[in-house]
Amino acid sequence: MTEETRQALAQYVTSLFAPEDAVLAALREEIPRRGLPEIQVSAEQGRLLQVLLTAISARRVLEIGTLGGYSAIWMARALGPQGRLITLEIEPQHVELAREFFERAQLAKIVEIRLGPALESLASLEREGGESFDACFIDADKENYPSYLDHALRLVRPGGLILGDNAFLDGRVLDAPETDRGAHAMREFNHHVARHPELSSTIVPVRDGLSISVVHPTAR
Ligand code: SAH
Ligand code: MG
């Protein structure tokens, strides 16, 4: 299949299953306008996240890496009115944009943003209650992915999901030198989810690769 056909098929999936509403479209346009990097998930991926969360009847979701709230809006919309999504972000400017759009999407009551280094927020979440999430979506600084996985394993319930974006790192997982710290960390993360005795995992090759791990229902 040519790259062109592959892109046309992604577009086919998006228009069939993942059309953006006005809020998501406006947010996607606002991200570069505010000088933020355009590294949010694709609509196709947003839909995949929704389908996965629906499959496990998720109510409580943790996201590491908010940016402007694009993936958070997709996910929060799969949780129902009793849902809760906690999203962690280090950049105040990103939090500001996300807050605006959670309001516009009428999700402000469901979504909580925690500003600060994710490792610190994760430690407080553990102190607050441990294994309380149905799913954790990891999508922040790549070098901390292995540590984020350790936290996710403590925070996600048996039967829940641990999801990792950018599992391919634009192909760097294949051939980047070991001095590439991001690639090193992502290889380590992928290796752990592949081999962990309490996880069933794979990588779906959508966009930059999404790793999907189910915490065994009988774990712990
Ligand atoms: N999930 C978002 C994209 C996230 S981009 C979406 O798909 O819409 C990665 C985000 O992680 C950036 O906003 C960046 O500021 C944030 N980030 C990077 N390092 C972080 C850290 N140590 N703690 C919390 N957030 C961090
Ligand atoms: Mg990403």
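Quick notes on this one:
- With respect to the conditions (1) of a type in the set (Gly, Ala, Ser); (2) touching a helix residue (DSSP H, G or I) at 6+ places or on another chain (Cβ under 6 Å); (3) free of Cβ contacts under 8 Å to residues at least 24 places away in the same chain, Gly171 falls short on a single one, namely (2).
- Of the residues making up segment 14-37, those that are closer than 16 Å to Glu96 by Cα, without any contact (Cβ under 8 Å) to a residue 12 or more places away in the chain and among the charged types (D, E, K, R) number 2.
- Residue among Gly159, Gly130 that alone is under 18 Å from the mean Cα position of the chain (by Cα), of a type in the set (Gly, Ala, Ser) and away from ligand 2 (no atom under 16 Å from the Cβ): Gly159
- Under the condition of being in a loop (DSSP other than H, G, I, E, B) and within 12 Å of ligand 1 (Cβ to nearest atom), the residues counted in segment 52-70 number 5.
- When Ala10 is tested against (1) surrounded by 11 or more Cβ atoms within 10 Å (Cβ to Cβ); (2) at pLDDT 95 or above, just one condition goes unmet, and that condition is (2).
- Whichever residue in segment 141-158 is closer than 16 Å to Ile90 by Cα and surrounded by 22 or more Cβ atoms within 10 Å (Cβ to Cβ) and, among such residues, is farthest from ligand 1 (Cβ to nearest atom): Tyr145
- Residue in segment 102-115 that is more than 13 Å from ligand 1 (Cβ to nearest atom), of a type in the set (Lys, Arg) and within 29 Å of Ala26 (Cβ to Cβ) present: yes
Condition check ((1) part of a helix (DSSP H, G or I); (2) under 11 Å from the mean Cα position of the chain (by Cα); (3) surrounded by fewer than 21 Cβ atoms within 10 Å (Cβ to Cβ)) across all residues:
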position	(1), (2), (3)
Glu38	no, no, yes
Val41	no, yes, no
Gln45	yes, yes, no
Met75	yes, yes, no
Pro81	no, no, yes
Glu96	yes, no, yes
Phe101	yes, no, no
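- Counting the residues of segment 185-219 that are assigned to a helix (DSSP H, G or I) and without any contact (Cβ under 8 Å) to a residue 40 or more places away in the chain gives 5.
- All conditions in (1) of a type in the set (D, E, K, R); (2) under 15 Å from the mean Cα position of the chain (by Cα); (3) away from ligand 2 (no atom under 14 Å from the Cβ) hold for Asp141, with the sole exception of (3).
The values are calculated or read from the model by the stated rules, or taken from the named source; none is laboratory data. Computed from a predicted structure; not experimentally measured. Methodologically, a virtual Cβ is constructed for each residue, glycine included, from the backbone with ideal geometry; neighbour enumeration extends over all protein chains shown.
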